[in-house]
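The values are calculated or read from the model by the stated rules, or taken from the named source; none is laboratory data. A quick note: this is a predicted structure, and the numbers were derived from the prediction, not measured. Neighbour counts are summed over all protein chains in view; Cβ atoms, including those assigned to glycine, are modelled from backbone coordinates with ideal geometry.
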Amino acid sequence: MSVNYVALGKRISYFRMQCGNITQEALASKINRSREFLAKIEKGTEHPSVATLVDITDALCISIDDLLIDSLHYSVSTSNTELHRLLLDCNETEQEIIIRTAKELKATLVSLGI
């Protein structure tokens with residue numbers, strides 16, 4: 001399966017918006033590329049290198065699976081789960097509380113044999 005660069009670009013744009021409405025210029029600056037180059041990636045007309053994808057995922061604090069989900073035969077990405085979408089909208093403290101609560105709930109369910 002080949003990479004769907006249009007879908008890839010749309011996901012980069014989506015996560016850029018989810019990460020505090022970061023502008024193309026701000027993200028491009030974080031990854032040491034030009035805004036024009038990033039705009040072409042988001043349109044799907046430029047094919048980024050693996051190094052560029054790693055830089056983008058690091059800058060957006062997401063996994064590479066989140067960007068390449070439709071190009072992977074196997075992925076452990078949770079980017080499409082309700083819990084993941086909930087966590088995207090939380091600050092760090094809220095995320096820690098939700099994760100701790102979910103872990104405690106899971107342990108309780110396991111102990112009950114559920």
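With Ala26, Ala107 as the choices, which residue is more than 23 Å from Asn4 (Cβ to Cβ) and modelled with pLDDT under 95?
Result of the check over Ala26, Ala107: Ala107.
Could you tell me whether Thr57 is in the same structural domain as Ser13 (by TED's automatic domain parsing) and either surrounded by 13 or more Cβ atoms within 10 Å (Cβ to Cβ) or on the phi > 0 side of the Ramachandran plot (or both)?
Here the answer is yes, as Thr57 does meet what is asked.
Within segment 87-114, restricting attention to residues that are of a type in the set (Asp, Glu) and within 20 Å of Gln18 (Cα to Cα), the residue that is surrounded by the fewest Cβ atoms within 10 Å (Cβ to Cβ) is Glu92. Note on segment 41-79: among residues that are of a type in the set (D, E, K, R) and at pLDDT 90 or above, the one that is farthest from Tyr5 (Cα to Cα) is Asp58. Kindly evaluate Tyr5 against the criterion of being outside the structural domain of Leu87 (by TED's automatic domain parsing), within 23 Å of Leu87 (Cβ to Cβ) and among the aromatic types (Phe, Trp, Tyr). Judged against the criteria, Tyr5 is not a match.
Going by the conditions given, is Arg35 buried (at least 19 other Cβ atoms within 10 Å of the Cβ) and not β-branched (Val, Ile, Thr)? No: the conditions fail for Arg35.
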